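First comes the structure, then the notes that go with it.
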Amino acid sequence: TRRRWIWWAAAAASLIVAAGFFYQRSRYNEVSVIGRLTRLAGQVSVERDGLVDDAERELNLCSGATVRVEGLAGLARLHFDDGTEISLSGETQLTCIREDGQIQLTLRRGQLTADVAPQPTGSPLTIRTSNAEMEVLGTRLVVSNEQGVSELGVHYGRVRIRRFTDGKTIDVEGGQYA
């Protein structure tokens, strides 16, 4: 009987540990999902926590994920839960983070086109490149980062851009490029 009791106690403890692990994992995934990724053409993959998933059609986009679009014909679209839509084309690499309700994007290479929904006061969507940071309050824009050169084109609205080398900040209005 003592041996049987120990066996049942070990089985129950293992079951509790496994249930806790799966609960935490599912809760973490629910909290960290910030939008959806749709692969439209070419090779698209998502890396998070050292794991790489090929985006066959659609998948959840979690905070901390890096989206890679390979090949000149590659195309992917990101749909964030605030209504913001971002298109990635060509050889592009973008890391997406949401921290304290603010979306922070790092464009490591390539080009993105964004239609940014109006953002909460004090929490603009930010886009970082190798040499600049842009604060986007709600606009349509194009950003590219190629060989250490960042370019910004604003279709409508306004974007504040800060250069890392000297800290200079300018506002770029609709119809302007920087």
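No value in this document is a laboratory result; all are computed from the given coordinates. What you see is a predicted model, and the numbers here were worked out from it, not measured in a lab. As a convention, Cβ positions derive from the backbone with ideal geometry for all residues, glycine included, and neighbour counts pool all protein chains shown.
With the helix formula -39500 (n - 2.57) applied to DSSP H stretches of n ≥ 4, the chain reaches a computed 222 nm mean residue ellipticity of -6500 deg cm²/dmol.
Protection proxy ranking of 162-173, 34-45, by the mean of other Cβ atoms within 10 Å over each peptide's residues and highest first, is 34-45, 162-173.
With the contact rule set at Cα under 8 Å and sequence spacing of 6 or more, what percent relative contact order holds for the chain? Working shown, then result.
Values: 414 pairs, mean separation 21.6, N = 178.
In percent, rounded to a whole number, it is 12.
Going by alpha carbons, how many degrees (0 to 90, nearest 10) lie between the helix axis of 2-32 and the longest principal axis of the chain? Value to nearest ten degrees: 10.
Just flag the GluC sites (Glu not before Pro) in the stretch 34-109 sitting in loop per DSSP whose Cβ has no more than 15 other Cβ atoms within 10 Å. Listed in order of number, the matching sites are Glu56.
If you stretched the chain out fully between Gln43 and Asp166, how much longer would it get, using 0.36 nm times the residue separation minus the C-alpha to C-alpha distance? Spell out each step's value before the answer.
Numbers: separation 123, 0.36 × 123 = 44.28 nm, distance 3.72 nm.
Working it through step by step, the gained length comes to 40.6 nm.
Our Cα-only numbers for the stretch 91-178 put the radius of gyration and Dmax at 11.9, 33 Å. Between Trp8 and Leu51, the C-beta separation translates, for a Förster distance of 41 Å, into a calculated FRET efficiency of about 0.70. Over all Cα atoms in the chain, the spread is summed up by Rg and Dmax: 20.9, 81 Å.
Provide the gained length on full extension for the span Val142 to Ala73, in nm with one decimal, where the gain is 0.36 nm per separating residue minus the Cα-Cα distance. Numbers along the way, then the final one.
Details: separation 69, 0.36 × 69 = 24.84 nm, distance 1.76 nm.
Extending this stretch completely gives an extra 23.1 nm.
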